[in-house]
1. Given the stretch 266-345, report the % of alpha carbon pairs whose separation exceeds 15 Å.
2. If you build a Gaussian network model of the chain, linking Cα atoms that sit under 10 Å apart, which residue out of Gln278, Gln332, Gln218 swings the most?
3. Using only alpha-carbon positions, what ratio does the radius of gyration of the chain give when scaled by 2.2 N^0.38 Å?
4. Give the long-range amide H neighbours of Asp222: residues separated by 5 or more places, or on another chain, with amide H under 5 Å away, using H modelled in the peptide plane at 1.01 Å from N.
5. For the stretch 1-53, rounded, prolate or oblate, judged on the Cα gyration tensor with a ≥ b ≥ c (square roots of eigenvalues), a/c < 1.5 rounded, else prolate if a/b > b/c?
6. Per residue, how much space in cubic angstrom lies within the convex hull of the C-alpha atoms of the stretch 194-330?
7. Which of Ile281, Gly75, Thr320 sits farthest toward the positive end of the charge dipole of the chain, with +1 on the Cβ of Lys and Arg and -1 on the Cβ of Asp and Glu?
8. Can you spot the aspartates and glutamates whose alpha carbon is less than 14 Å from Lys224's alpha carbon? Ignore those fewer than 8 places along the same chain.
Amino acid sequence: MSAQSPIVEGATALIGFNDLVGLLHAVFVKHGTSPEVAAILAHNCASAERDGAHSHGIFRIPGYLSTLASGWVDGKAVPVVTDVASGWVSADACNGFAQPALAAARALLVEKARSAGIALLAIHNSHHFAALWPDVEPFAEEGLVALSVVNSMTCVVPHGADRPLFGTNPIAFAAPRADGAPIVFDLATSAIAHGDVQIAARKGERLAPGMGVDSLGQPTTDPKAVLEGGALLPFGGHKGSALSMMVELLAAALTGGNFSFEFSWADHPGARTPWTGQLLIVIDPSKTAGQRFAERSQELVRQMHAVGLRRLPGDRRHRTRAKSELIGIEVQAQDLAQLQALLAD
Ligand SMILES: NC(=O)C1=CN([C@@H]2O[C@H](COP(=O)(O)OP(=O)(O)OC[C@H]3O[C@@H](n4cnc5c(N)ncnc54)[C@H](OP(=O)(O)O)[C@@H]3O)[C@@H](O)[C@H]2O)C=CC1
Ligand SMILES: O=C(O)C1=NCCCC1
């Protein structure tokens, strides 16, 4: 869609991807980021909205802006990239967002992965407030396999414990395949992402049983009880809990970032972005012996379909993306008006 101005029809509006990126870029710059950081965050946020990843699309803008206003994050930080070893790149985000650190380190990371077959990027001193799939999917579009983990803020009770300690700690994976979009999954290790709890509270909806507890540690399906002193549970009991623990170790202990429980934003009212770390592992599957990896992954997809699978992880996003590219990104007219008002302040 190439419309210059959004089409508003009743409660919803349609906006083109580039127009949304431009609007978000202007909002970020106006509210304290450098143009370079704004470009990266705007593209990330518009991509989430385009793909229907609503919990990390424009829903997050008020949180970004209140955080910038609080002084908790440096929206103009210039990351420092270090070539640590043959397969190891490190990036200090310098108390800025994680995505500019990834952008700054990306070329070196890919060069190392292509030469050694595998390389990792350890980002620390960083804030990640977004979906994780935009960090890994582009690698698979270049024929690489990518895995990333990021930890967030204490709000998840480890399986068998009494009180929260872990973050919602997502894991994202992307792999190329011969015929079709890369295979990508991106999932919180909590039973539900914190963003979706906020959305449920805003809409007055209940959570499914088994996702959260209230301030007394009692099971609840009330999202407000979870947000106001309660906590979330890991998905899959001890299994999700173990994965969440792994994310803390890889995203924080290995990178030099904070564990989810190691920072307090109490002195920065309005701060919302976790100050933690992120790990990316990139593999060049062209080193695989025998058949090409992309053909093997295609074969796996073929076999999954053959046993009746109708939906692969990523299919819903790609369907939404195709629709957005055809008719424009559907957003709430009210949300769009709020974004435009942020420029007028
Ligand atoms: N930055 C941060 O610190 C944090 C970010 N997040 C983000 O929150 C977002 C939401 O996470 P979460 O709620 O766990 O995601 P979902 O549970 O909605 O989806 C998880 C994955 O499973 C796929 N999927 C969902 N349902 C099905 C199905 N029925 N069949 C096959 N595949 C399916 C999704 O694909 P599809 O996308 O196509 O639906 C997606 O890849 C993520 O993008 C995550 O990165 C979460 C926690 C912290
Ligand atoms: O949805 C979540 O869970 C989070 N998203 C952004 C960072 C904080 C946790």
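Only the coordinates and a few stated rules stand behind these numbers; no lab work does. No experiment lies behind these values; they were computed from the predicted model shown. Neighbour counts are summed over all protein chains in view; Cβ atoms, including those assigned to glycine, are modelled from backbone coordinates with ideal geometry.
1. Here the long-distance tail beyond 15 Å is 80 percent of all Cα pairs in the stretch 266-345.
2. Gln218
3. 0.99
4. Hits under the 5 Å cutoff: Leu207.
5. prolate
6. It comes to 222 Å³ per residue, whole-number rounded.
7. Thr320
8. Filter leaves Asp196, Glu205, Asp214.
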